[in-house]
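Asker: My questions will all concern the structure given below.
The values are calculated or read from the model by the stated rules, or taken from the named source; none is laboratory data. Because the structure is predicted, anything quoted here is derived from the model rather than measured. Every residue, glycine as well, gets a Cβ built from its backbone with ideal geometry; the counts of neighbours run over all protein chains shown. Heavy atoms of the whole protein, side chains included, go into the accessibility calculation; ligands, DNA and RNA do not. Shrake-Rupley method; radii C 1.70, N 1.55, O 1.52, S 1.80 Å.
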Amino acid sequence: MNDISNKRKILVCCGTGCLASNSYEVYESLKEKLEINPNIIVQIEIKATGCNGLCEKGPVVKIHPDDISYFKVSAKDVDEIIEKTITNGEIINRLLYFDTNQKKKIINHMDASFYKHQRKIALRNIGEIDPLSIEDYLERDGYKALHKVLFEMEPMEVIDEVEKSGLKGRGGAGFPTGTKWRTCSKFEDYPKYVICNGDEGDPGAFMDRSIMEGDPNTIIEGMIICGYSINSNKGYLYIRDEYELARKNMEFAIDKARKLGYLGENIIGSGFDFDLEIVRGGGAFVCGESSALMASIEGNVGEPRAKYIRSVEKGLWNMPTVLNNVETWANIPPIILNGANWFNKIGTENNSGTKVFSLVGKVKNTGLVEIPMGTKLSELVFDIGCGIIKNRPFKAVQTGGPSGGCIPKEYMDVPLDFDSLSKMGSMMGSGGVIVMDDTTCMVEIARYYMEFLSEESCGKCTTCREGIKMMLNILTNITEGRGQLEDIHILESLGKTIMSASLCALGKTAPNPVLTTIQYFRNEYMDHIVNHKCSAGVCKNLTTYFIEEETCIGCGICKKNCPVNAITGSLKEIHVIDEDICIKCGNCFTACPKDSVKIGGAAYAY
């Protein structure tokens, strides 16, 4: 680090993940100690930012212009950072990120495997600005797209640009955004409404939350642009109440934008009026569905309705309404600023732009990832995610949240876009990606999602309410050893009926996890039913563990990892598991360095 300028910018990640690891304590400590340190001769600017994406390695601290990134920073590291890096320009090696793919430590996080494959559009500002500072947003071209729209473009020109960009709604359905806006613009009923769907309910998904927390002004700008193009003067942000930080940051940003003339009457002297209001959602999964969400805003029970008339004609309070999700709104300002052709060149034909995914599960690097549409699934899991934890065998990926499908390892080259995932029986959804290894039972996965969806079904239509519950009962029987061969056929038949007869997308997509696990992992269903064995060791009624005499080296690692002392044996002698004591936690199975611990079925005979 040779070039030490007179200015330093220190960015401390204060997204929800890093906050849980006390990043705000790091931020406060840095701020306090830098102010009183007499040895600091450079000008320091310190900011609390939104999520940097690599949540598992947080708290993250970035120092510019040196491009140094520190990971897993705690408050006790602050003195050393000030003394060595800020004062003397030294790099603290132990706080650097170790890239398991490159097998070396990385100074600039942008050189890490996790980041260098990404292209950020929706997440372009997150981790780089203070979300509570509209000035930070303005410095990075914030509200320039709005200025361009209000003073240089007619409403139809705005819609033309969005339509030409090929942007599809990032909330799951993948409907063309420009088409939705154009249809709504044609109706002459007033008032019209613009809605942001911030009711992200998929387990493991946090893309929208991170954008609301880390870059709230980009959502506001996108919604105002839509309002101008369809002649609407009022918008609502529906944010689930659990997202406290997202809601607070959005409230703060709206107030500040209003004070500076970006919201309210006569926006920046253009003569156009538009304002926003936040509605707190109660956390019901079904309210992520557009018509249920609108019912909830109206103060009614959040239940979907039949869409024989689309919400662009009769939406909120039966008036023309455009609803898009958070990520979709975040794409609008850069599309307007850079043009539709720029956006169209990213991604693939019919699937332009990028998509934000939350990468979670049995993968080394978990976090937020934004990649061009069409990126192969293998690149996401192995190049960005750096592969499976402990290098265990990879089994499958579930995409699209609880209603998505499971894709086996044989199809790792599938492009991540709306069309390709749909052909696989899965879906893009809002962007959740859960990676699974050989210790994941696919029957139990299907059962888990049916349990989640049965609890979240609003109960309005019989097929969803009763059908999902019946599928859950059958899957529970299979995982507990009471399955029958005909159960597989019944599950397939029920799934198809629920998909065809349910009212909303929750019901229509709910059977996906069951149908895809039957399609791609039928052998596991057969193993559960016929052999009474769970090869992943998850279903306890169908699992026993034993140690293979031929390969056991008597290292004792299994014994050390057993929480109930069920394993006996001396050093360098064959070890034995006492089945009567064993609680089937699987620790010995994953810890054994020689794969000598084997999984037997319920009826395994020693």
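Asker: For Lys469, which of the numbered conditions (1) among the charged types (D, E, K, R); (2) within 22 Å of the chain's Cα centre (by Cα); (3) at pLDDT 95 or above fails to hold?
Answerer: (2)
Asker: When the residues of the range 421-439 are filtered to those that are open to solvent by 10 Å² or more (accessible area, probe 1.4 Å) and modelled with pLDDT of 90 or more, which remaining residue is nearest to the chain's Cα centre (by Cα)?
Answerer: Ile434
Asker: Something else now. Taking the range 282-329 as the region of interest, how many residues are touching a residue at least 24 places away in the same chain (Cβ under 8 Å), within 26 Å of Ile225 (Cβ to Cβ) and in a loop (DSSP other than H, G, I, E, B)?
Answerer: Looking only at that region, the number is 7.
Asker: For Gly89, all conditions in the list (1) open to solvent by less than 20 Å² (accessible area, probe 1.4 Å); (2) over 30 Å from Val326 (Cα atoms); (3) assigned to a loop (DSSP other than H, G, I, E, B); (4) at pLDDT 95 or above hold save one; what is the number of the exception?
Answerer: Here Gly89 meets the rest and fails (4).
Asker: Only one of these is small (Gly, Ala, Ser) and open to solvent by 10 Å² or more (accessible area, probe 1.4 Å): Gly361, Gly353. Name it.
Answerer: That would be Gly361, the only listed residue that is small (Gly, Ala, Ser) and open to solvent by 10 Å² or more (accessible area, probe 1.4 Å).
Asker: Kindly indicate whether Lys376 is surrounded by fewer than 19 Cβ atoms within 10 Å (Cβ to Cβ) and closer than 21 Å to Lys168 by Cβ.
Answerer: Taking the combined requirement at face value, the residue satisfies it.
Asker: Something else: Given the criteria part of a helix (DSSP H, G or I) and either within 20 Å of the chain's Cα centre (by Cα) or of a type in the set (Asp, Glu) (or both), does Asn197 qualify?
Answerer: no
Asker: List every residue pair whose Cβ atoms lie under 7 Å apart, where the two residues are 6 or more positions apart in sequence or sit on different chains, the first residue falls within the range 569-591 and is polar (S, T, N, Q), and the second residue, located anywhere, is part of a loop (DSSP other than H, G, I, E, B) and open to solvent by 60 Å² or more (accessible area, probe 1.4 Å).
Answerer: Close Cβ pairs satisfying both conditions: Asn587/Pro563.
Asker: Right, another one. Checking the condition of a type in the set (S, T, N, Q), part of a loop (DSSP other than H, G, I, E, B) and under 30 Å from Asp208 (Cβ atoms), which residue from Ser430, Ser420, Ser454 passes?
Answerer: Ser430
Asker: Moving on to the next point. Of (1) open to solvent by 30 Å² or more (accessible area, probe 1.4 Å); (2) in a helix (DSSP H, G or I), Cys226 satisfies all except one. Which?
Answerer: (1)
Asker: Condition (residue is open to solvent by less than 10 Å² (accessible area, probe 1.4 Å), in a helix (DSSP H, G or I) and modelled with pLDDT of 95 or more) applied to the range 560-573: is it met by at least one residue?
Answerer: Among the residues of the range 560-573, not one is open to solvent by less than 10 Å² (accessible area, probe 1.4 Å), in a helix (DSSP H, G or I) and modelled with pLDDT of 95 or more, which makes the answer no.
Asker: Are any residues in the range 385-438 small (Gly, Ala, Ser), within 23 Å of Asp595 (Cα to Cα) and touching a Pro at 6+ places or on another chain (Cβ under 8 Å), and if so, which ones?
Answerer: Ala396
Asker: Which one is nearest to the chain's Cα centre (by Cα) among residues in the range 348-362 that are of a type in the set (Gly, Ala, Ser) and at pLDDT below 95?
Answerer: So, considering only residues that are of a type in the set (Gly, Ala, Ser) and at pLDDT below 95, the one nearest to the chain's Cα centre (by Cα) is Ser358.
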